[in-house]
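Engineer: Attaching a single structure in structure tokens format; questions to follow.
Coordinate-derived values only; no laboratory data. None of the values given here were measured: they were computed from a predicted structure. For neighbour counting, all protein chains shown are included, and Cβ atoms are generated from backbone atoms with ideal geometry for every residue, glycine included.
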Amino acid sequence: MIWWLRAHAAVACAAALVACLVVAPMLAASGIPTLALFGGARGSIPIPLVLPVLPVCVLLYGMSRTPRTTDVTAVRNMPRLRAAALALAVAATVVIALLEAAVIDFPLGFAVARNTLGYLGLGLLVRRWTEPRYGPVAVAAVPVLCGLVGLGPGGIPYFWMWPAHPSGSLLAATAALALFGAGLAAEAAHRK
């Protein structure tokens, strides 16, 4: 098991998640200015909503470090072991983000956890249906595309731009959970 943790960069993944959750409350008042591609509306996306891209890319990198041939020859079910590790990382992220929201009154704590789930689900889906190296690229492209075409009049995000919705958005939480559930199911499935 220690070899598996080393091979999948578990320490780097845990460090990236902790760093994201520590830095997010510090940057709560900061935003990334955006210019809508179709309409010229200016707005900004809070940095804590984009920050989960980094740990998700590190998680996807860690899960892609071993070749697919090792999954076929392994005694244990590697896709399910990876899915369990990802579910554990996400559960820890959600618990810590909710604690931050309650203890230090960080209003975007739930949104950071929600975006971590959504970005990871999207990355796992892209990873499953294409090459593993495209998962982090797709995750990094989501905030850029959302910033370019996702803000409506007055800088208000459209309904489909779930990463920029506020913490209490049921629509964004549903989209993130659906993406994560589909991605986790795709990761747990055997690759033939």
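Engineer: Sorting check: for 8-16, 26-34, which peptide has the highest mean count of neighbouring beta carbons within 10 Å, and how do the rest follow?
Structural biologist: In descending order of packing, they fall as 8-16, 26-34.
Engineer: Starting from the Kirkwood radius over alpha-carbon pairs of region 92-192, derive D by Stokes-Einstein at 20 °C in a medium of 1.002 mPa s and give it in µm² s⁻¹.
Structural biologist: 150 µm²/s
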